[in-house]
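Here's the structure we're looking at; comments come further down.
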Amino acid sequence: MGRRCRCGIWAVLGVLVSITGPPSARAGQPVELAVTGRDGRPLDGVVLYLPDVRTPTTRSPAVIDQRDEAFLPVVSVVTAGSEVQFTNSDRTSHHVYSFSRPNAFALPLYKGDARLSARFQHPGVVVLGCNIHDSMLGYVVVVDSTRYGTTGSDGHLKLADVPAGRHVVRAWAPGLDREHHPEVGSVEVSESAPAIASFSLDLAGSAGAGKAGGSLVGRDY
């Protein structure tokens with residue numbers, strides 16, 4: 001009698017395990033990154049990313065609008081393989097293109113409510129132009145990472161669900177080398193608390209982060 005009872009208990013435990021499944025993976029922690037220039041002022045529109053983090057995350061598709069004959073935002077960042085949508089809020093037509101290999105592309109001339117898209121498979125900086133308006137200049141930074149973003153006007157960027165451990169932080173902004181993104185430092189993330197890290201980036205002589213306008217020249221391709 002007692003033996004049958006013990007078997008019954010193990011059967012019940014087995015059912016509970018099958019219902020609940022294995023323990024879920026430990027959630028990551030929020031991370032706040034801050035960037036200042038050599039003068040100590042916050043830098044807006046700087047791309048920051050953690051190249052060693054590629055765990056899945058939920059993001060809305062990237063959208064670049066064209067308004068007042070300018071790309072908005074000027075700098076966008078996406079994971080390699082992502083699709084970027086291009087909208088046109090101007091009354092005039094635009095013809096978006098890039099000669100940046102291996103992510104070169106061209107969209108047909110369009111205006112109105114059309115929403116065209118391009119997919120960028122390879123890491124690198126894609127320089128955007130318009131065949132109709134030479135003054136339009138924008139950038140799509142394609143990274144092999146799933147934790148990335150651009151700093152706001154306060155020079156800060158918040159990343160969600162970053163796994164515990166030490167993570168290298170790389171940066172890019174207009175005017176810097178498009179092929180070699182500098183390592184500005186690292187951030188240590190614990191399993192139980194948010195992390196904060198500050199960095200300094202020298203943009204002297206560059207076009208300046210987040211700056212709109214300008215025409216494409218040979219080095220932009």
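Charge dipole (Cα centre; +1 on Lys/Arg Cβ, -1 on Asp/Glu Cβ; no other charges) of the stretch 51-187 amounts to roughly 280 debye.
For Ile132, the accessible surface of its heavy atoms amounts to roughly 90 Å² (probe 1.4 Å, protein chains only, rounded to the nearest 10). Over every Cα atom in the stretch 126-172, the radius of gyration and the widest Cα-Cα span, Dmax, amount to 15.0, 48 Å.
The label-point distance for Thr57 and Asp161, in a model that sets each label 7 Å from Cα toward Cβ, rounds to 0.9 nm. If you sort His180, His94 by accessible surface, 1.4 Å probe, largest first, the order is His180, His94.
Placing Phe199, Phe86 in order of accessible area, with the largest value first and a 1.4 Å probe, yields Phe199, Phe86. Under the combined filter of DSSP loop state and at most 16 neighbouring Cβ atoms within 10 Å, the stretch 96-159 retains these chymotrypsin sites (Phe, Trp or Tyr not before Pro): Phe99.
The values are calculated or read from the model by the stated rules, or taken from the named source; none is laboratory data. Just so it is clear, the model here is predicted, and its values are computed rather than measured. Glycine also receives a Cβ, built like all others from the backbone with ideal geometry; neighbour counts cover every protein chain displayed. The accessibility values were calculated without ligands, DNA or RNA, using every heavy atom of the protein model including side chains. Shrake-Rupley method; radii C 1.70, N 1.55, O 1.52, S 1.80 Å.
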